[in-house]
Amino acid sequence: MGDYVLNYINGRAIQGGRLFSLHGAASYRGKLLNLPTVVRLNVRNLLETKYVTTGVVKLLDGSIRNLHAYGDPLNVSLTTTVEF
């Protein structure tokens, strides 16, 4: 079930979903083999990776279909930059 009523079709409430994205980043600046180095950690979409109901349609046969948007998957990247 969703967090809010998206629409009504034939008196039936169609529940909508929620979407909340939380991203994070951290970095460290130091030396590696006496060279200036930066290490970065980036995390995208920590919480919400499920689908969200964004719309609804009524088909010719009377059946109701939800339209969904899918959240980005959890994405983690670790990068290191060394200046020569």
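Values in this text are rule-based calculations from the coordinates and carry no lab data. Predicted, not measured: the structure shown is a model, and the values here were computed from it.
Extension gain residue 61-residue 7, at 0.36 nm per residue separation less the Cα-Cα distance, in nm?
Value of the extension gain: 17.6 nm.
What is the gain in length, in nm to one decimal, between residue 69 and residue 83 on full extension, counting 0.36 nm per residue of separation less the C-alpha to C-alpha distance?
Stretched fully, the residue 69-residue 83 segment lengthens by 0.9 nm.
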